[in-house]
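Have a look at this one.
The values are calculated or read from the model by the stated rules, or taken from the named source; none is laboratory data. Owing to the predicted nature of the structure, the values given are computational and were not obtained by experimental measurement. Every residue, glycine among them, receives a Cβ derived from its backbone with ideal geometry; neighbour counts consider all protein chains shown. Surface areas here come from the heavy atoms of the whole protein model, side chains and all, with no ligands, DNA or RNA. Shrake-Rupley method; radii C 1.70, N 1.55, O 1.52, S 1.80 Å.
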Amino acid sequence: MRSKSAEKIKLTSYEDLFGETEQDNGEKVVYISLDKLHPFKNHPFHVNDDTKMQETIASVEQYGVLVPGIVRPSKNGTYEIISGHRRCRACELAGMDNMPVLIRNLNDDEATIIMVDSNIQREDITPGEKAFAYKMKFEALKHQGSKGDKFTADIVGEKAGESGRTVHRYIRLTELIPEILQMVDSNMINVGIGERLSYLRKNEQEYLLRILSERNIHIKNEQAEQLKKLSGEEMLTEEMIRSILVKNNSTEKKDTLSYKTIGRFFPSDYTKEQITAVVFELLEEWRESKAGED
């Protein structure tokens, strides 16, 4: 049985290709054929055929599309989706022919801001999606005349409740090569480390990726900071990256000697200098004995 709220929101029959209904604010809800809808250019948000998509399909089949998408006119009588990419995909998978939308005449910057704001609060958004979305909105606001990077970044983060500093950290992730960004998205590398690695040049990131993959190494905060520093000084080579990563990630147990460790083999009144002298003397005798054997 359909709820009263669903009955109220459901608009017209899907059989009406361009059927219309009136919104409270006077906008017309129009049913557009799916083959006339296309994704927003460089849309940063993933539309996955996952469990949540199955839930959306089931809802669409039972109640219809309760919230119209937002589109803008494009070339050849088609429309660019600004909001509603997942709903459009759900309609397609549910075997429907059209989808209810609001048609708005928006410029590129206006459309970008609405596109980002309508998706940014999703719970399942990845760091990579957020990074490119924040970058797109940041650039759109700058085009509109927003003053100052910090002020603009604060506006970008408002919708998601994040500071301008956090926005800038995410935007840095767009400088990562795709393979390393995927490692951030899959939680193999955290966002903080990803931000530091984004300062590496592309070829340095490729060296890093190769070493991480070859040795199955998990990079640490201090290593990422060291790599960033050396890259900034133009001193980072593939061998240096390997040395930094392998140095602190070796699984082999290392035996270490200290004065405290070997001191028990000497009289208690021996100084460090005396212990050192004896050790070097014994090592020299051992070296000479080995040489005699050869």
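Starting from the range 84-103, keep only residues that are assigned to a strand (DSSP E or B), then list their pairs with residues that are open to solvent by 10 Å² or more (accessible area, probe 1.4 Å) and charged (D, E, K, R) whose Cβ atoms are within a distance under 6 Å, requiring at least 6 positions of separation or different chains.
These pairs meet every condition: Leu102/Glu27.
Select from the range 178-191 the residues that are touching a Leu at 6+ places or on another chain (Cβ under 8 Å) and either outside any helix (DSSP H, G or I) or open to solvent by 70 Å² or more (accessible area, probe 1.4 Å) (or both) and list them in ascending order.
Within the range 178-191, Glu179, Ile189 qualify.
Let me ask another. Limited to the range 192-244, what total is found for residues that are in contact with a Ser or Thr (Cβ under 8 Å, 6 or more places away or on another chain) and loosely packed, with under 14 Cβ neighbours inside 10 Å?
Looking only at that region, the number is 1.
Filter the range 44-70 for residues that are touching a residue at least 60 places away in the same chain (Cβ under 8 Å) and either touching a strand residue (DSSP E or B) at 6+ places or on another chain (Cβ under 8 Å) or of a type in the set (D, E, K, R) (or both) and give the result.
The initial filter retains those residues of the range 44-70 that are touching a residue at least 60 places away in the same chain (Cβ under 8 Å), namely 44-46, 52, 62-63, 66.
Answer for the range 44-70, where residues must be touching a residue at least 60 places away in the same chain (Cβ under 8 Å) and either touching a strand residue (DSSP E or B) at 6+ places or on another chain (Cβ under 8 Å) or of a type in the set (D, E, K, R) (or both): just Lys52.
Something else about it: Could you look through the range 236-267, keep only residues that are in a loop (DSSP other than H, G, I, E, B) and modelled with pLDDT of 90 or more, and pick out the one that is nearest to Glu175 (Cα to Cα)?
Filtering the range 236-267 for residues in a loop (DSSP other than H, G, I, E, B) gives 236-237, 248-258, 266-267.
Those left that are additionally modelled with pLDDT of 90 or more: 236-237.
Values: Leu236: 18, Thr237: 19 Å.
The residue in question is Leu236.
Can you give me the number of residues within the range 203-227 that are closer than 18 Å to Val191 by Cα and part of a helix (DSSP H, G or I)? Walk me through how you get there before you give the answer.
Taking the range 203-227 first, the residues closer than 18 Å to Val191 by Cα are 205, 208-209, 212, 217-227.
After this cut, where a residue has to be part of a helix (DSSP H, G or I) as well, the list is 205, 208-209, 212, 221-227.
Result for the range 203-227: 11.
For residues that are under 30 Å from the mean Cα position of the chain (by Cα) and over 23 Å from Ile125 (Cβ atoms), tally how many sit in the range 73-93.
Looking only at the range 73-93, we keep the residues that are under 30 Å from the mean Cα position of the chain (by Cα), and these are 74, 79-93.
Still in the list and also over 23 Å from Ile125 (Cβ atoms): 74, 79.
The number of residues fulfilling the criteria is 2.
Every residue in the range 69-86 that is open to solvent by 60 Å² or more (accessible area, probe 1.4 Å) and modelled with pLDDT under 95, please. First the steps, then the outcome.
Kept after step one, since they are open to solvent by 60 Å² or more (accessible area, probe 1.4 Å), are these residues of the range 69-86: 73, 75-76.
Passing the criteria: Lys75, Asn76.
Let me ask something additional. Please go through the range 88-140 and pick out each residue that is polar (S, T, N, Q), touching an Asp or Glu at 6+ places or on another chain (Cβ under 9 Å) and either over 24 Å from Phe151 (Cβ atoms) or surrounded by fewer than 16 Cβ atoms within 10 Å (Cβ to Cβ) (or both).
First pass over the range 88-140, keeping only residues polar (S, T, N, Q): 98, 105, 107, 112, 118-119, 121, 126.
Then drop every residue that is not touching an Asp or Glu at 6+ places or on another chain (Cβ under 9 Å), which leaves 98, 112, 119, 126.
Passing the criteria: Asn98, Thr126.
Test Thr276 against the stated conditions and say whether it is open to solvent by less than 100 Å² (accessible area, probe 1.4 Å), at pLDDT 70 or above and out of contact with any helix residue (DSSP H, G or I) (no Cβ under 9 Å at 6 or more places or on another chain).
On the way: open to solvent by less than 100 Å² (accessible area, probe 1.4 Å): yes; at pLDDT 70 or above: yes; out of contact with any helix residue (DSSP H, G or I) (no Cβ under 9 Å at 6 or more places or on another chain): no.
Judged against the criteria, Thr276 is not a match.
Determine, yes or no, whether Leu66 is modelled with pLDDT under 95 and either of a type in the set (A, V, I, L, M, F, W, C) or open to solvent by 60 Å² or more (accessible area, probe 1.4 Å) (or both). It would help to see each step written out before you state the result.
Values: modelled with pLDDT under 95: yes; either of a type in the set (A, V, I, L, M, F, W, C) or open to solvent by 60 Å² or more (accessible area, probe 1.4 Å) (or both): yes.
Yes: the conditions hold for Leu66.
Here is a follow-up. When you check Thr112 against the structure, is it β-branched (Val, Ile, Thr) and within 30 Å of Tyr207 (Cα to Cα), yes or no?
Details: β-branched (Val, Ile, Thr): yes; within 30 Å of Tyr207 (Cα to Cα): no.
In short, no.
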